[in-house]
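Bear in mind these aren't lab numbers, they're just calculated from the coordinates by the rules spelled out. The structure presented is a predicted model; accordingly, all values stated were derived computationally and were not measured. Note that each Cβ is placed from the backbone with ideal geometry, even for glycine, and that neighbours are counted across all protein chains shown.
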Amino acid sequence: MMIEVLKSKLHCVKITEANLNYMGSITIDEDLMDAANLIAGEKVQIVNNNNGERIETYIIKGERGSGCICLNGAAARKCVVGDTVIIIAYALMDFEEANTFKPTVVFPENNKIVK
């Protein structure tokens with residue numbers, strides 16, 4: 001049996017940009033992606049803590065060290081700059097692997113990785 005479990009989470013990052021004139025996705029600072037074990041093209045769920053919106057899209061790699069969290073295309077209507085969001089990725093695993101799997105959860109400060 002395969003089940004879907006939490007793989008990665010960027011907890012409470014701030015939206016830095018909303019770009020309606022783009023074909024879709026979320027742009028994420030590459031440092032944040034690396035820390036959370038996320039890759040370009042990966043499907044993610046974005047949960048907006050300010051308005052309760054939940055959307056799914058895919059990741060585009062953003063400039064390393066920029067702190068960029070930019071919702072693009074139609075998703076840009078679901079947030080405003082400054083909103084706090086949680087970015088979540090899930091993975092399919094068999095039950096035995098999922099039972100011992102440890103997800104990567106990152107708590108950035110001001111959209112930067114704290115060492």
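Whole number please: convex hull volume per residue of the Cα set in the range 19-71, in Å³?
For the range 19-71, the hull spanned by Cα atoms encloses 86 Å³ per residue.
Taking amide H atoms as placed 1.01 Å from N in the peptide plane, list the residues 5 or more away in sequence, or in a different chain, whose amide H sits under 5 Å from that of residue 68.
29
Looking only at the range 76-115, which residues have a backbone nitrogen under 14 Å from a spot 7 Å from the Cα of residue 39 in the C-beta direction?
It comes to 90-92, nothing else.
What fraction of the DSSP beta bridges in the chain is antiparallel, stated in percent and rounded to the nearest 5?
If we restrict to bridges inside the chain, about 70 percent are antiparallel.
Checking the a/c ratio against 1.5 first, then a/b against b/c, what shape does the Cα gyration tensor give for the range 62-101?
Since a/c reaches 1.5 and a/b is larger than b/c, the shape of the range 62-101 is classed as prolate.
Nothing charged except the Cβ atoms of Lys and Arg (+1) and of Asp and Glu (-1): what's the magnitude of the dipole of the chain about its Cα centre? Round to the nearest 20 debye.
Using only the charged Cβ atoms, the result is roughly 260 debye.
With the Cα gyration tensor of the chain giving a ≥ b ≥ c as the square roots of its eigenvalues, does the rule (a/c under 1.5 for rounded; else a/b larger than b/c for prolate; else oblate) give rounded, prolate or oblate?
Here the chain falls in the prolate category.
May I ask you to list the aspartates and glutamates whose Cα is less than 20 Å away from that of residue 43, ignoring any residue fewer than eight positions away on the same chain?
Here the aspartates and glutamates satisfying the reach criterion relative to residue 43 are 4, 17, 29, 30, 31, 34, 53, 56, 63, 94.
Roughly speaking, what is the centre-to-centre gap between the range 82-115 and the range 1-55 when only Cα atoms are used, to the nearest Å?
10 Å
What relative contact order, as a whole-number percentage, does the chain give when Cα pairs under 8 Å and 6 or more residues apart are counted?
Normalised by residue count, the contact order of the chain is 46 percent.
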